[in-house]
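This report refers to the structure that appears directly beneath it.
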Amino acid sequence: MPMDAMQQLRIALWQCQPRTDDVPRAIADLADRASVAAAEGARLLICPEMYLSGYHIDSATARRLAQPADGEWARQIGAVARDTNIALLYGFPELAGDGTVYNAVRLVGNNGVTVAVHRKTHLFGEIDRAAVTASDRRPTVFHFEGWRLALLICYEVEFPEVVRRLAVAGADLVCVPTANMPDYDAVQRVLIPARAFENQVYVAYANFCGTERGLDYGGLSLIAGPSGATVVEAGTAEGMIVGDLDKAALRRSRHMNPYLAERRPELYD
């Protein structure tokens with residue numbers, strides 16, 4: 001890959017209404033949006049939390065729709081990634097080998113091969129607990145097109161310790177598929193820019209919009225940069241936003257704001 005391509009990364013966030021309990025439609029719509037994002041030069045398209053199934057579902061629906069991370073739905077989405085030449089990050093109910101159902105996200109490369117899978121560790125209220133099990137597996141940092149990425153899901157990004165650990169491990173970009181409600185707009189307005197600034201990383205937060213089984217979603221998807229400024233943001237309607245991440249800007253910001261370099265962990269419990 002050319003060096004300039006590794007220095008910049010264009011990503012797209014798709015803010016959409018849930019395709020509740022309609023996986024074939026979700027995959028078809030994803031294929032359509034992937035084509036559009038790729039045509040705009042994006043190398044990665046991020047969808048919301050539990051995109052394939054819908055978020056506000058009960059345990060019976062989650063179990064009925066759950067598949068292994070390498071199951072049939074995954075193979076179909078891998079084909080979409082290959083056909084459109086863009087990496088895809090999407091949420092889905094994952095069926096583990098022991099029968100446990102997790103709220104998970106999968107990143108598949110533009111070659112159709114799985115890059116990373118993450119299971120949600122911090123569950124939000126009874127909505128999550130009624131449908132899935134919390135994971136004890138830590139999120140990790142991995143390489144993607146010359147960048148170091150990490151995956152979180154919704155509520156997890158609201159815990160500063162989680163993001164700080166990923167930043168210390170070398171993350172440049174934290175991707176966060178989410179299903180956040182209007183009562184918690186402060187997450188987009190305050191916490192996401194703060195997480196990006198205090199950890200000197202980019203944070204991409206892709207939310208649902210509209211209503212699902214009586215539950216409203218707030219939209220306001222965004223990419224926040226290490227300066228704390230917003231790179232690009234959405235309103236509350238369905239649509240796609242595209243933003244550019246830049247390694248040079250990341251280096252400049254880390255030089256000006258050396259929070260990670262000047263930590264004194266021996267003083268922290």
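The values are calculated or read from the model by the stated rules, or taken from the named source; none is laboratory data. Keep in mind the model is a prediction, meaning the values are calculated, not measured. All Cβ positions, glycine included, derive from the backbone under ideal geometry; neighbour counts span all protein chains shown. Heavy atoms of the whole protein, side chains included, go into the accessibility calculation; ligands, DNA and RNA do not. Shrake-Rupley method; radii C 1.70, N 1.55, O 1.52, S 1.80 Å.
Points worth noting:
- Matching residues in region 184-216 - criterion: being out of contact with any Ser or Thr (no Cβ under 7 Å at 6 or more places or on another chain) and buried (at least 24 other Cβ atoms within 10 Å of the Cβ): Ile192, Arg195, Ala196, Val201, Tyr202, Val203, Ala204, Phe208
- Cβ-Cβ distances below 8 Å connect the following pairs, each with a first residue in region 137-154 that is farther than 14 Å from Lys120 by Cβ and of a type in the set (D, E, K, R), a second residue that is open to solvent by 10 Å² or more (accessible area, probe 1.4 Å) and part of a strand (DSSP E or B), and a separation of six or more residues or different chains: Arg148/Val141; Arg148/Phe142.
- Test for Leu89: is it within 17 Å of Arg19 (Cα to Cα), in contact (Cβ under 8 Å) with a residue 12 or more places away in the chain and outside any loop (DSSP other than H, G, I, E, B): yes
- Screening region 53-79 for residues that are closer than 22 Å to Ser35 by Cα and over 18 Å from the mean Cα position of the chain (by Cα) and picking the one that is surrounded by the fewest Cβ atoms within 10 Å (Cβ to Cβ) gives Glu72.
- Residues that are among the hydroxyl-bearing types (Ser, Thr, Tyr) and either over 15 Å from Gln15 (Cβ atoms) or open to solvent by 70 Å² or more (accessible area, probe 1.4 Å) (or both), drawn from region 224-269: Ser227, Thr236, Ser253, Tyr259, Tyr268
- Any hit, region 46-61, residues being in contact with a helix residue (DSSP H, G or I) (Cβ under 8 Å, 6 or more places away or on another chain) and in a helix (DSSP H, G or I): no
- Per-region count, region 127-183, residues over 22 Å from Ser253 (Cβ atoms), β-branched (Val, Ile, Thr) and open to solvent by 20 Å² or more (accessible area, probe 1.4 Å): 3
- Qualifying positions in region 39-52 - on the phi > 0 side of the Ramachandran plot and open to solvent by 10 Å² or more (accessible area, probe 1.4 Å): Gly41
- Every listed requirement among (1) outside any helix (DSSP H, G or I); (2) open to solvent by 40 Å² or more (accessible area, probe 1.4 Å); (3) farther than 19 Å from Val108 by Cα is met by Arg10 save one, (3).
- Criterion applied to Glu49, Glu72 was being among the acidic types (Asp, Glu) and within 24 Å of Glu156 (Cβ to Cβ), and the one residue passing it is Glu49.
- Residue in region 22-38 that is touching a Pro at 6+ places or on another chain (Cβ under 9 Å) and at positive phi present: no
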